[in-house]
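These notes concern the structure reproduced below.
The values are calculated or read from the model by the stated rules, or taken from the named source; none is laboratory data. Model, not experiment: these values are computed from the prediction. Reconstructed Cβ throughout: ideal geometry from the backbone, glycine too, with neighbour counts over all protein chains shown.
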Amino acid sequence: MNASRAWQYARALVLSITLLVAACTSDPAAARMVPESFAPLVKKTLPAVVNIAVTEVLNGADVLAQLPPELRGTPFERQFRERFRNRREQMIGAGSGFIIDPSGVIVTNNHVVGRADKILVSLTDGREFPARVIGFDELTDVAVIKVNAPGPLPYVTWGDSRQIEVGDWILAAGNPFGLGGSVTAGIVSARGRDIGAGPFDDFIQLDAPINPGNSGGPTFNMEGQVVGVNTAIVSPTGGSVGIGFAIPSENVAPIVANLISKGHMDRGWLGVSVQDMPGTRTGVAIAGIERNGPAGRAGLRPGDIVMAVNGERVDSARGLIRAVAGTPPGATVRLTVRRQGTNIEVPVTVGRRPPENTG
């Protein structure tokens, strides 16, 4: 290859590389997907992430009920019982949370604070405040607590979890293993996960490492908004294997607002047992009805197929339960029901969901 051709080849190669780099850096989606550093996002969000230490006081009977299985039937069982019979033990746990209002309102998981006698919140700047529970919801594992600080506290805002997609970058923050002030990065691995935690399962699956102590901590999008509350992991070892789950903000935010205003959740209830239709058939079949429940009083029958709620199509039993549960008790919903091949409209005045009910 002569000098002239070599120069032309080198020039073409440089031009191609330049165009490739320009294409990558000028693509907003590419810039969003490949952050150069998470440091600016961490500086923006981490001050509003808190560590939560909880203390639960157990009486002697409670302590004895927690006799380790390996001691049962051994000579050490009697020693254990005698040692703890008249003592009050303190069990200490740790979790995470995040401030959503400068007055000190904090969101976390119910399983972090639900049984606590004392709650201590620590900020990343070293300040510590006792906290009290404002409200909790066992069915979704959401709780709201509050601290009283001498001045405004750093806080974060909700993002729209409906806008995140599988493959999007996210940042998880919290208090893994009680270490405090930790962040991990990853992507959204899946959406709409049902892990058997409850009737309202609709988790975001993350591959960002989440460990014990991260419960109640936030999942952030790249704008620094909370799009999920870290709640559970799947792990054969007890540590992160890259399968974590967060409650989407679209579900958490209205629950938090309700807990702040009322201290508890009132959910709608039809008084039916339901099941998914087999195969690819649409709608949700009513398998049974409580005679004096809202659905029974409205004239619904076993075998009816619910096609829509207030005009919004439903394709699964879980979707129907969520739609009804989100309706305030006493309000009326319009069910589109298929009965013997014909669609009819049935108005139902929703009742208040009893504990541990499913319909």
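The single condition among (1) outside the structural domain of Asp207 (by TED's automatic domain parsing); (2) in a strand (DSSP E or B); (3) under 25 Å from the mean Cα position of the chain (by Cα); (4) among the small types (Gly, Ala, Ser) that Ala323 does not meet is (2). The set of residues from the range 260-310 being assigned to a helix (DSSP H, G or I) and over 15 Å from Arg353 (Cβ atoms) comprises Ile260, Ser261, Gly296, Arg297, Ala298.
Contact map, the range 145-158: residues that are on the phi > 0 side of the Ramachandran plot and touching a residue at least 12 places away in the same chain (Cβ under 8 Å) paired with residues that are among the aromatic types (Phe, Trp, Tyr) and surrounded by fewer than 17 Cβ atoms within 10 Å (Cβ to Cβ), Cβ distance under 9 Å, separation 6+ or inter-chain. No pairs are found. For first residues located in the range 40-52 and under 10 Å from Val156 (Cβ atoms), partners that are surrounded by fewer than 21 Cβ atoms within 10 Å (Cβ to Cβ) and small (Gly, Ala, Ser) and lie 6+ apart or on another chain with Cβ distances below 8 Å form the pairs Lys44/Gly224; Thr45/Gly224; Leu46/Gly181; Val49/Gly181.
Limited to the range 136-155, what total is found for residues that are hydrophobic (A, V, I, L, M, F, W, C) and more than 14 Å from Ser103 (Cβ to Cβ)? Don't jump to the end; show me each part of the working.
Narrowing the range 136-155 to residues hydrophobic (A, V, I, L, M, F, W, C): 136, 139, 142-145, 147, 149, 153.
Next, only the ones that are more than 14 Å from Ser103 (Cβ to Cβ) stay: 136, 139, 142-143.
Result for the range 136-155: 4.
Residues checked against (1) surrounded by fewer than 23 Cβ atoms within 10 Å (Cβ to Cβ); (2) within 28 Å of Pro176 (Cα to Cα); (3) aliphatic (A, V, I, L, M):
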| site | (1), (2), (3) |
| --- | --- |
| Ser240 | yes, yes, no |
| Gly244 | no, yes, no |
| Pro248 | yes, yes, no |
| Ala253 | yes, yes, yes |
| Met265 | yes, no, yes |
| Trp269 | no, no, no |
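In the range 121-169, the qualifying residues are those that are acidic (Asp, Glu) and over 26 Å from Phe200 (Cβ atoms), and the one that is surrounded by the most Cβ atoms within 10 Å (Cβ to Cβ) is Glu128. Filtering Ala172, Ala197, Ala208 for residues that are surrounded by 21 or more Cβ atoms within 10 Å (Cβ to Cβ) and either assigned to a helix (DSSP H, G or I) or at pLDDT below 95 (or both) leaves a single hit, Ala208. The residue pairs whose first member lies in the range 227-242 and is not assigned by TED's automatic domain parsing to the domain that holds Val256, whose second member is exposed (fewer than 15 other Cβ atoms within 10 Å of the Cβ), and whose beta carbons are closer than 7 Å, counting only pairs six or more residues apart or on different chains, do not exist in this structure.
Residue check: is Thr237 β-branched (Val, Ile, Thr), modelled with pLDDT under 95 and in contact with a strand residue (DSSP E or B) (Cβ under 9 Å, 6 or more places away or on another chain)? Against the criterion (β-branched (Val, Ile, Thr), modelled with pLDDT under 95 and in contact with a strand residue (DSSP E or B) (Cβ under 9 Å, 6 or more places away or on another chain)), Thr237 does not qualify. When the range 328-355 is filtered for residues that are buried (at least 19 other Cβ atoms within 10 Å of the Cβ) and assigned to a loop (DSSP other than H, G, I, E, B), the ones remaining, listed by number, are Val350, Arg353. Is it fair to say Pro254 is touching a Gly at 6+ places or on another chain (Cβ under 9 Å), outside the structural domain of Val105 (by TED's automatic domain parsing), within 30 Å of Val156 (Cα to Cα) and not hydrophobic (A, V, I, L, M, F, W, C)? Answer is yes for this residue.
The set of residues from the range 241-262 being in contact with a strand residue (DSSP E or B) (Cβ under 6 Å, 6 or more places away or on another chain) and at pLDDT below 90 is empty. All conditions in (1) assigned to a loop (DSSP other than H, G, I, E, B); (2) touching a Leu at 6+ places or on another chain (Cβ under 7 Å); (3) within 23 Å of Arg322 (Cα to Cα) hold for Ala246, with the sole exception of (1).
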